[in-house]
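**Student:** Could you have a look at this structure, given as structure tokens, before my questions?
Nothing in this text is a laboratory measurement; each read-out follows from the coordinates by a stated rule. Just so we're clear, the structure is a prediction, and the values are computed from it rather than from any experiment. Note: ideal-geometry Cβ built from the backbone for every residue, glycine included; neighbour counts use all protein chains shown.
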Amino acid sequence: MARKPVILSCADNTSSELKGRKMLLEENGYQVLTAENGKGAVQAFVSNTVDLVLLDCHMPQIDSCEAAMQMKACKPDVPIALLSGEESLPPSALEAVDAFISKSEPVKELLEKVDYLLSLRLLFQPLEGSWANEADAQRKHKGAR
């Protein structure tokens with residue numbers, strides 16, 4: 001059986017919004033980790049296999065921009081979407097993320113964007129046993145001599 005994609009959903013204005021998003025995503029077949037602040041989000045990201053991150057724009061402890069930069073430095077291939085109730089954000093807020101999702105969008109559009117971002121992630125991951133993995137393993141083996 002295929003592994004369910006893992007989404008890290010981080011901090012929201014209220015814990016009920018975070019819990020609601022978690023329930024929605026789980027009902028749609030995703031495994032969801034949550035973090036209530038930026039520091040917890042980075043720790044969860046580093047210590048777990050994560051396929052997509054949904055970051056709230058305004059997080060306590062570490063802001064979303066700093067959290068996204070730390071995450072990208074660690075695992076640059078994991079897409080990060082910034083969620084906000086604000087319709088226009090300064091360009092600097094979007095520099096370290098891959099997508100913006102407005103909290104005012106209908107649920108259907110949120111789920112479509114989640115699916116799209118996950119499909120991009122899966123598209124660029126090498127297949128197990130692929131020639132790229134074999135070549136990488138051979139390079140590592142040669143380097144170990």
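**Student:** Please list 111-121, 46-56 highest first by mean number of surrounding beta-carbon atoms within 10 Å per residue.
**Tutor:** Working: 111-121: 16.4, 46-56: 20.2.
For the peptides 111-121, 46-56, the packing ranking is 46-56, 111-121.
**Student:** Here is a further query. Can you work out the FRET efficiency for the pair GLN61 and LYS4, with r the C-beta to C-beta distance and R0 = 41 Å, to the nearest 0.05? Could the numbers behind the result be given before it?
**Tutor:** Values: r = 28 Å, r/R0 = 0.69.
Given R0 = 41 Å and the Cβ-Cβ separation, E is 0.90.
**Student:** Label points 7 Å out from Cα along the Cβ direction at GLN31 and TYR116: separation in nm?
**Tutor:** Here the answer is 2.7 nm between the modelled labels.
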